[in-house]
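Reviewing the structure listed below.
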Amino acid sequence: MRNFNYNIPTKVYFGKGQLSALADEILRYKNILIVYGQGSVVHSGLLQRVVDIIQESGKKHVELSGVEPNPRVSLVRKGIALCREHHIDLVLALGGGSVIDTSKGIAMGVYQEADPWEVIVEQKEISQTVPVATILTLAATGSEMNPYAVISNEATEEKLGVGSPLLYPVFSILDPELTYSVSRHQTACGAVDIMSHVLEQYFCPVADTFIQNRLSEAIMETVVEFAPIALEEPDNYHARAELMWAGSLALNGLLSYGKIGDWSVHGMEHELSAIYNITHADGLAILQPAWMKYVLSEETVDRFAEYAERVWKIPTQEDKMAMAEAGIQKTRDFFNALGMPDRLSQVNINASSFEQMAEKAVSLYRNGQMGMLKKLGKEDVVKIFQSIE
Ligand code: NZQ
Ligand code: ZN
């Protein structure tokens, strides 16, 4: 296990009725920017409930709606202008990862002279932000408890991440009942995203991380157990609650302590959604098993056999390679059973852009190589794309 500094400062209010915590939490703020998406929080009544609490508390608010999946920097710019105009001192995200990431992008940009896209591309130092808080409505990204945002630039067809300790939400309200209305496909997408976040950190070159690996397996088993239930019974509180907490724990930093994450699958996926604007988890469902198969080798086989045994209950046998392959197949079968795609053609991506996407993916890394468990160059990424054409 490597050295680490534990720091997850987001205060979490988890459970039924926790929206009531909002009144106390906003006491110290005056002007609130509410950010939301394309209407789910209007239909569910959440927006009105939040506005009522803000008004009863004597605070002012402004709204910014219209966040799209794969959130755009153009809306971030709009939010920054609103913050400056209305002296906003809290950005409150109502929604899933896209809304939260937009809110973080706005919070990051308010005190910067540079355009937010320049800040992201040049990884400029972020020394002051407006505080962000979230009311989560979709279990998936973990953005409600982490310091990252992923923003797309529609003009340049790029999708890039940005992070700063100042972007941890100051508080997040996680009421599983708010996820009852999430569609079947988005629920499945959330489950795949959570699995992928765990897997990106689970398969790592650092040895002796027993406790971290067992925590990871517990989260994956939770998703395997409860995602199918949530699909069949959208208002099953227990299933929604397990998935919601799994999503936060999967990417709040906890699992990566003492380890180095691989993150190749996310690196590749961001290129798919940058150019083709596909849903993040559709890309992950296609890429994750393909990456596993590609990096499986004599050097990595023990880790994959352990995964197969502990998460998928594949019986121990002498042939570790067979165990590992069975575990990868189980992963693919699970994603398929959730209704997720497993080929790029299913999301209308063809071979014509493989080279371009591979080039863009590896160019973001030093020496043009991505990944930690196995270093992947451009040709490796093209081969992975070809294996799922
Ligand atoms: O826009 P509305 O109307 O709210 O509808 C949304 C949207 O259409 C809908 N939805 C959300 N909550 C709902 C609901 N519909 C009904 N009932 C509810 N309670 O779901 C759709 C998808 O929402 P979105 O926020 O895009 O999904 P998700 O949470 O999966 O976020 C995906 C984005 O996060 C990025 C992804 O790349 C993608 O852009 N990621 C962010 C990360 C981070 N910040 O740490 C890490 C991830 O790996 C990921 O890259
Ligand atoms: Zn993800």
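The values are calculated or read from the model by the stated rules, or taken from the named source; none is laboratory data. Bear in mind the structure is a predicted one, so any value in this text is a computation, not a measurement. Cβ placement follows ideal geometry from the backbone for every residue including glycine, while neighbour counts extend to all protein chains displayed. We work out accessible area using only protein heavy atoms, side chains counted, and drop any ligands, DNA or RNA first. Shrake-Rupley method; radii C 1.70, N 1.55, O 1.52, S 1.80 Å.
For segment 78-130, the alpha-carbon radius of gyration amounts to 1.08 times the rule-of-thumb value 2.2 N^0.38 Å expected for a compact globular protein.
Its Cα centre serving as origin, segment 313-389 has a Cβ charge dipole (Lys and Arg +1, Asp and Glu -1) of approximately 280 debye. Projection of the Cα convex hull of segment 145-215, averaged over all directions and equal to a quarter of that hull's surface, yields 7.8 nm². The residues neighbouring PHE304, those whose beta-carbon lies less than 14 Å from its own, together hold a net charge of -2 under the Lys/Arg +1, Asp/Glu -1 convention. Counting only DSSP beta bridges whose two residues both lie in the chain, roughly 25 percent are antiparallel. From the P(r) of segment 257-374, can you give the percent of Cα pairs sitting at distances over 18 Å? Summing the P(r) tail past 18 Å for segment 257-374 gives 56 percent.
On a per residue basis, the convex hull of the C-alpha atoms belonging to segment 313-389 measures out at 118 Å³. Along its principal axes, segment 20-103 has C-alpha extents of 33, 30, 15 angstrom, given from the largest down. Residue-wise HN-Hα couplings along segment 41-53, as the Karplus relation 6.51 cos²θ - 1.76 cosθ + 1.60 with θ = phi - 60° gives them from phi, are 7, 6, 5, 6, x, 4, 4, 5, 4, 5, 4, 4, 5 Hz; Gly and Pro carry x. Pairs of Cα atoms in segment 229-298 fall into 10 Å distance bins, from 0 up to the last occupied one, in shares of 17, 31, 39, 13, 0 percent. Directionally averaged projected area (segment 97-181, Cα convex hull): 5.7 nm². As a fraction of the 1.4 Å probe accessible area of the chain, surface on carbon and sulfur atoms comes out at 49 percent.
Computed from backbone phi with θ = phi - 60° and the Karplus coefficients 6.51, -1.76 and 1.60, the 3J(HN,Hα) list for segment 173-178 is 9, 10, 9, x, 4, 5 Hz; x is used for glycine and proline.
Net charge of the neighbourhood of ASN146, taken over other residues with C-beta under 11 Å away and scored Lys/Arg +1, Asp/Glu -1, is -1. Rounded to the nearest 20, the size of the Cβ-charge dipole of the chain about its Cα centre is 660 debye, with Lys and Arg at +1 and Asp and Glu at -1. Short to long, the 20 Å bins of the Cα pair-distance histogram for the chain hold 29, 59, 12, 0 percent of all pairs. Counting only alpha carbon atoms, the long axis of helix 237-250 and the longest principal axis of the chain meet at about 80°. Comparing GLY37, GLY79, GLY45 in a Gaussian network model of the chain (Cα springs below 10 Å), the most mobile by mean-square fluctuation is GLY45. Candidates GLY261, VAL192, THR316 compared by Cα position along the dipole of the chain: farthest toward the positive end lies GLY261, with charges placed on Cβ. Normalised per residue, the accessible area of the chain is 42 Å², obtained with a 1.4 Å probe and no contribution from ligands, DNA or RNA.
Rounded to the nearest 10 degrees, the angle from helix 210-232 to the longest Cα principal axis of the chain is 70 degrees. For segment 8-147, the direction-averaged projected area of the alpha-carbon convex hull comes to 8.1 nm². Overall, segment 84-179 carries a charge dipole of about 200 debye about its Cα centre when +1 sits on the Cβ of Lys and Arg and -1 on the Cβ of Asp and Glu, all other atoms neutral. Projecting the Cα atoms of VAL223, ALA133, ALA337 onto the charge dipole of the chain (Cβ charges, centred on the Cα centre) puts ALA133 farthest toward the positive pole.
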